[in-house]
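*Asks:* Sharing a structure, written as structure tokens. Questions coming.
The values are calculated or read from the model by the stated rules, or taken from the named source; none is laboratory data. This one's a predicted model, so the numbers in the text were calculated from it and none came from an experiment. Using ideal geometry, Cβ is built from the backbone for each residue, glycine included, and neighbour counts are taken over all protein chains shown. Each accessible area value is taken on the protein alone, full model and side chains, heavy atoms only, with ligands, DNA and RNA left out. Shrake-Rupley method; radii C 1.70, N 1.55, O 1.52, S 1.80 Å.
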Amino acid sequence: MKRKIGKKKLVAILSLGTVLLGTGSVYANVWNPFGTHLVGRQANDSVLTPINQFVTPAGQQVEFGGNPMAVKVRPDGKTAAVIIGRNNYGGDGINIVDLKTGSLITTNFSLKLSHMWGLAYSPDGNELYATGSSGNTGKIVVMSIDADGKPALKNTINLPLASVGGNINPQDIVMGPDGKTLLVVLNRDNSLGVVDLQTNQLTARIPVGNSPTSVIVSGTTAYVSNVGGRKAEPGDLTVDSSGTPIVAEPTGSSATGTVSVVDLASNTVKTNVTVGLQPARMAVSGQYVFVANTGSDTVSVIDTKSDEIVQTINVEPYPNAPKGSAPNAVKMINDHQLAVSLGRNNALAVYEWKGPKSEPRLAGLVPTAWFPVDIDTDSENRLLVANADGVGSLGPDRNLTIQGIKVTGHSAYAQQGSLSIIPSPSTKDLIRGTEEVYKNNNWFNALGQNAKPRHNKKPVAIPERIGEPSTIKHVFYIIKENRTYDQVHGDQGRGNSEPALTQFGQNVTPNFHKIANTFPPLDNFYISGIQSASGHQWVMQATNTDYEDKETDTANVRSYPGGAGDSLAYASTGHIWDNALKRGLSVVNFGEDTTGFSGPEKAGNWIDWWNDYLILSGQKQGELHVPIGHYQATTDIPSLDPITYKPFPTFDSSIPDQYRYEIFKRKFEEYVKNDNLPHSRKCGL
């Protein structure tokens, strides 16, 4: 049954600096608000996302195709520009919004770029600058802006290749303090670029930290946030990210986060300030710089007079909330309130901030659309929030070619982003918004689940609280990707199936049909990732880093971790095996997140491995072209390496799955014989 919190009680709680209430026993009777709702737009105009979050954004919504990555208000305050991350997910280029009416006056203004990121206006508002790439070339597009705020292409500045080779990947951009230069973050070059607007030339590449993403200016100083933290030193544990060694934890995730302080008079780094993990966008207000640390759930406050951290704000949207809110943008909305974009919570957290010597108070939450990534304010002090995933893949039908057959229908790639225009929230707004965010994220349930485990509870399959005993002894987690329910099971006639969408039916996938007919159908089971690079992280981490989601939304310019392969795609909260091992469970991994499979013999081709399968299964006599164990799987994740069964191949379509099955079968039979199949070493999870 749903619990409703009275407004008087909520006001009292907010005044104490926390949101909603605290004792887990109140929420022993948890509830499920999602029921039998299907993903998508609901009758009340809310949207249910694939990761069980309702979206009910505050304010006025402006929807458009694609994944918005940045929003900037023109200096005259009449219009705002929004840039779309990639040109093939439903949108293309720039959208201009009339802030008086909240309507689009320019839609999909093409920059002739395949992926896009940052925006900046000139001080007079007569020019607009955008960063992105076309193919392997990073670019800055310069636009002239007419009196109505509409853009026209003026020229394009081509950027050189990164020092590690390939796309330099320009991200956030800002006008230099002299009004004659642009400062642009060169993400894969690990540098801050200086562009002379008179010559349209890149005149300097100032080395900063690893994987810089955002830049702001205070006086004659630039502050650059480095998602990948400090440069590696001899003896550091490192994991690669797009050609750069990242100082890492054993889980593979980044271990440091920094902000480089750049003296623009000399184009040198004065100091590097240590902040939280995976810092993203920043804001400057008075003498203070606020840094959103997506991997630590914190906001660092830097005093520009000393360039030192003077305060760290812990982002905890509900009592004892686990990490994962992913604060990724900040904005001072008046002289005493700080808005923090919580990407994973689809919300803004609003803090009362009275300087670094006073403890900031969480005034409340404001609901946004899905995955907010940037904040700006207009002349009326309204909040403009760019929601990268908006309402999800609810765009128009698309023409597709599947296996040579042209079809028209709904596509997961028809992304529909949005801009929220939200009046400066009052106390009443924050009270109402806080409760709504709680409901949207099912945090009433979470309060009970995250409470301390109770003693002497009878074991059940799925305990009510983390740490209470379970009857489950062994868990087999089998991952299959890239096909929808209907593509495989549409011919079954069970559940919410559509026979016309079947592509790999009973005659192609008899094993999957056997499983599906033996157990209840999971015909409406979803995952957030619409491609392998984000999907694998979701199923292994139950989350995605802010970095990886933005990579997906901008066409994976930096890397494509379709499993493993990029330290910055790994969450600071760890993978599923890290959490299992931490709780005393034993784990073995067959193939997931492995990046290589090699040995002394020649790999041969698919037929060679097929013959090995026939020999291993007793269907053929002969010698294996690669004896078991000669080829070893490798991974870039240190904590995964010891628990990976090395003779099992990584993903490689030149090796048939029947061979993988034989390798697994032999090891499984060995576990059964020795009675040591990986399982819990204690009764609680």
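*Asks:* Can you tell me which residue is farthest from Y413 (Cα to Cα) among those in segment 498-535 that are of a type outside the set (A, V, I, L, M, F, W, C), open to solvent by 40 Å² or more (accessible area, probe 1.4 Å) and part of a helix (DSSP H, G or I)?
*Replies:* T518
*Asks:* So which of E662, E623, E670 is charged (D, E, K, R) and surrounded by 13 or more Cβ atoms within 10 Å (Cβ to Cβ)?
*Replies:* None of the others qualify; the one that does is E662.
*Asks:* Does A147 count as under 26 Å from P68 (Cβ atoms), part of a loop (DSSP other than H, G, I, E, B) and of a type in the set (A, V, I, L, M, F, W, C)? Before you say what the answer is, go through the steps one by one.
*Replies:* Working: under 26 Å from P68 (Cβ atoms): yes; part of a loop (DSSP other than H, G, I, E, B): yes; of a type in the set (A, V, I, L, M, F, W, C): yes.
The answer is yes for A147.
*Asks:* Quick check on my filter: what residues within segment 274-297 are part of a strand (DSSP E or B), buried (at least 24 other Cβ atoms within 10 Å of the Cβ) and β-branched (V, I, T)?
*Replies:* Within segment 274-297, V275, V289, V291 meet the criteria.
*Asks:* Give me the pairs, please: first residue somewhere in segment 656-676 and farther than 18 Å from V475 by Cα and assigned to a helix (DSSP H, G or I), second residue anywhere and open to solvent by less than 90 Å² (accessible area, probe 1.4 Å) and polar (S, T, N, Q), beta-carbon distance under 6 Å, and either six or more positions apart or on two chains.
*Replies:* E662/S617
*Asks:* Can you name every residue in segment 68-88 that is open to solvent by less than 10 Å² (accessible area, probe 1.4 Å) and over 20 Å from T377 (Cα atoms)?
*Replies:* G85
*Asks:* Here's a follow-up. Do we have Y547 as touching a residue at least 60 places away in the same chain (Cβ under 8 Å) and either surrounded by 15 or more Cβ atoms within 10 Å (Cβ to Cβ) or over 30 Å from G93 (Cβ atoms) (or both) here?
*Replies:* On the way: touching a residue at least 60 places away in the same chain (Cβ under 8 Å): yes; either surrounded by 15 or more Cβ atoms within 10 Å (Cβ to Cβ) or over 30 Å from G93 (Cβ atoms) (or both): yes.
For Y547, the condition - touching a residue at least 60 places away in the same chain (Cβ under 8 Å) and either surrounded by 15 or more Cβ atoms within 10 Å (Cβ to Cβ) or over 30 Å from G93 (Cβ atoms) (or both) - is met.
*Asks:* Considering only residues of segment 314-335 that are open to solvent by less than 10 Å² (accessible area, probe 1.4 Å) and outside any loop (DSSP other than H, G, I, E, B), which is nearest to S426 (Cα to Cα)?
*Replies:* V330
*Asks:* Can I ask one more? Picking from L419, L338, which residue would you name as being free of Cβ contacts under 8 Å to residues at least 60 places away in the same chain, within 24 Å of the chain's Cα centre (by Cα) and either over 26 Å from A321 (Cα atoms) or surrounded by 15 or more Cβ atoms within 10 Å (Cβ to Cβ) (or both)?
*Replies:* None of the others qualify; the one that does is L338.
*Asks:* How many residues does segment 80-106 hold that are within 22 Å of L348 (Cβ to Cβ) and among the polar types (S, T, N, Q)?
*Replies:* 1
*Asks:* Can you work out which of the residues in segment 207-230 that are part of a strand (DSSP E or B) and among the polar types (S, T, N, Q) is nearest to G286 (Cα to Cα)? Full working, then the answer.
*Replies:* The initial filter retains those residues of segment 207-230 that are part of a strand (DSSP E or B), namely 207, 212-218, 221-226.
Add one more test, that the residue is among the polar types (S, T, N, Q), and what stays is 213-214, 218, 221, 225-226.
On the way: T213: 22, S214: 19, S218: 9, T221: 14, S225: 19, N226: 22 Å.
So, considering only residues that are part of a strand (DSSP E or B) and among the polar types (S, T, N, Q), the one nearest to G286 (Cα to Cα) is S218.
*Asks:* Exactly one condition in (1) open to solvent by 40 Å² or more (accessible area, probe 1.4 Å); (2) over 27 Å from D178 (Cβ atoms) is not met by T49; state its number.
*Replies:* The single condition T49 does not satisfy is (1).
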